[in-house]
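Encoded as structure tokens, the structure appears first; notes follow it.
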């Protein structure tokens, strides 16, 4: 008999993370060296709580795997749980090792973003220090933020970008209906990397104006210049559409959203709650320019909009899950599987991997040369990078007029 595999998800949900799980399950079923297939509820917390699902039983029917492929969000649940450094507190690690042995776990795949790769890195190093080379751990990327290093792009980003590009295409039609002057400020997710906000520019590919102004968090946000940009935009249209990253920072180095006193929450990884930048700018424009302003936060809807998922994104996400299992049974551990771009047009990528300790706690930001000199737009190079990632439409399985998803608990 073979060893058992355990898989889990962590961090923010996406439209594609379950496609990765479907690939992990599908390949694990095929591997003679893998016996049982377990999923942990709520990430590493589920491992510590021994809260497992027998995925072999739950997905005995191929139709169920296909339904999971098209299901948004994290079917296994997620968490934001930070493991301490093992040299300071190894109690969680000792518990995880005991549980792995109890369930004969020889392979562990963790699907997530930056914080998840931190978990993979720490756990892999702990197992190595304990000479437990019989347990292989691997990281599988996902994040709509697209900020993981050592991969051309991250699963989940393409679908979120497709949703954002489509939403701005539709918003532009609405914002420019009236002949009275108004400003619509749309806040897009992105703490320190503006990849998602940049996707708003995709709304221009069929000749539309798209957002008049785009502000990414890679550059310093100058409120005085912002007001001047608004005035200039009004020389071209009565309905000014603005895209901003939620993580834009002013000259002081503080998040613009920190001007809103409600934003005081800090998560387990020390990340501040930063939503609210659009509301701050709404007040600025109203007070200084006197125009009607409508702030919009896309918030959670941009990351799990499966009805606008990218077929390219889902396909690549599943393939990374398949490749991760192959690496696990080959004994390749302490790595993250990745995507390497060969060309933009025709679009071609290949699967690769990199040591996870070179990825954890690092961020890939939008290159400054892909941001316009005026710091309020993006360049064609960035458009060329994004466009292949949103290609292809994915069917939704509707019943009684509403999509039907695979729900595990």
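The values are calculated or read from the model by the stated rules, or taken from the named source; none is laboratory data. Quick caveat: nothing in here was measured; it's all calculated off a predicted structure. Here Cβ is always computed from backbone atoms with ideal geometry, including for glycine, and neighbour counts include all displayed protein chains.
Only one of the listed residues (351, 408) is surrounded by 12 or more Cβ atoms within 10 Å (Cβ to Cβ), in contact with a helix residue (DSSP H, G or I) (Cβ under 8 Å, 6 or more places away or on another chain), in a loop (DSSP other than H, G, I, E, B) and not assigned by TED's automatic domain parsing to the domain that holds residue 242. That residue is 408. Within the stretch 14-36, the residues that satisfy the criterion of being assigned to a loop (DSSP other than H, G, I, E, B), within 28 Å of residue 305 (Cβ to Cβ) and in contact with a strand residue (DSSP E or B) (Cβ under 9 Å, 6 or more places away or on another chain) are 15, 16. Report yes if some residue within the stretch 73-86 is in contact with a strand residue (DSSP E or B) (Cβ under 8 Å, 6 or more places away or on another chain) and free of Cβ contacts under 8 Å to residues at least 40 places away in the same chain; otherwise report no. No, there is no match, as no residue in the stretch 73-86 is in contact with a strand residue (DSSP E or B) (Cβ under 8 Å, 6 or more places away or on another chain) and free of Cβ contacts under 8 Å to residues at least 40 places away in the same chain.
Here are some residues: 23, 11, 46. Which one is modelled with pLDDT under 95 and assigned by TED's automatic domain parsing to the domain that holds residue 73?
On the way: 23 fails: modelled with pLDDT under 95; 46 fails: modelled with pLDDT under 95.
None of the others qualify; the one that does is 11.
Going by the conditions given, is residue 396 touching a strand residue (DSSP E or B) at 6+ places or on another chain (Cβ under 6 Å) and farther than 16 Å from residue 193 by Cα? When the stated conditions are applied, residue 396 passes them. Just name the residue that is nearest to the chain's Cα centre (by Cα) out of those in the stretch 73-118 that are within 28 Å of residue 363 (Cα to Cα) and part of a strand (DSSP E or B). The qualifying residue nearest to the chain's Cα centre (by Cα) is 112.
Hey, any hits in the stretch 135-142 for a residue that's assigned by TED's automatic domain parsing to the domain that holds residue 328, touching a helix residue (DSSP H, G or I) at 6+ places or on another chain (Cβ under 9 Å) and surrounded by fewer than 24 Cβ atoms within 10 Å (Cβ to Cβ)? Yes, there is a match, as at least one residue in the stretch 135-142 is assigned by TED's automatic domain parsing to the domain that holds residue 328, touching a helix residue (DSSP H, G or I) at 6+ places or on another chain (Cβ under 9 Å) and surrounded by fewer than 24 Cβ atoms within 10 Å (Cβ to Cβ). Here the condition is being under 21 Å from residue 19 (Cα atoms) and surrounded by fewer than 21 Cβ atoms within 10 Å (Cβ to Cβ); of 152, 174, it holds for 152 alone. Tell me yes or no: at least one residue of the stretch 53-64 is part of a loop (DSSP other than H, G, I, E, B) and surrounded by fewer than 23 Cβ atoms within 10 Å (Cβ to Cβ). Yes, the conditions are met somewhere in the stretch 53-64. Which residue is farthest from residue 328 (Cα to Cα), if the candidates are limited to the stretch 119-134 and must be in a helix (DSSP H, G or I) and out of contact with any helix residue (DSSP H, G or I) (no Cβ under 9 Å at 6 or more places or on another chain)? This residue is 129.
When the stretch 372-387 is filtered for residues that are surrounded by 20 or more Cβ atoms within 10 Å (Cβ to Cβ) and either under 21 Å from the mean Cα position of the chain (by Cα) or at pLDDT below 95 (or both), the ones remaining, listed by number, are 378, 382, 385, 386.
Condition check for residue 318 on (1) under 30 Å from residue 23 (Cβ atoms); (2) out of contact with any helix residue (DSSP H, G or I) (no Cβ under 6 Å at 6 or more places or on another chain); (3) modelled with pLDDT of 95 or more; (4) surrounded by 20 or more Cβ atoms within 10 Å (Cβ to Cβ): one failure, at (2).
Restricting to the stretch 248-272, name every residue that is in contact with a helix residue (DSSP H, G or I) (Cβ under 8 Å, 6 or more places away or on another chain) and either crowded, with 17+ Cβ neighbours inside 10 Å or at pLDDT below 90 (or both).
Answer for the stretch 248-272, where residues must be in contact with a helix residue (DSSP H, G or I) (Cβ under 8 Å, 6 or more places away or on another chain) and either crowded, with 17+ Cβ neighbours inside 10 Å or at pLDDT below 90 (or both): 248, 249, 255, 256, 257, 259, 260, 263, 269, 272.
For the stretch 297-313, the count of residues that are more than 24 Å from residue 201 (Cβ to Cβ) and either out of contact with any strand residue (DSSP E or B) (no Cβ under 8 Å at 6 or more places or on another chain) or not in a helix (DSSP H, G or I) (or both) is zero.
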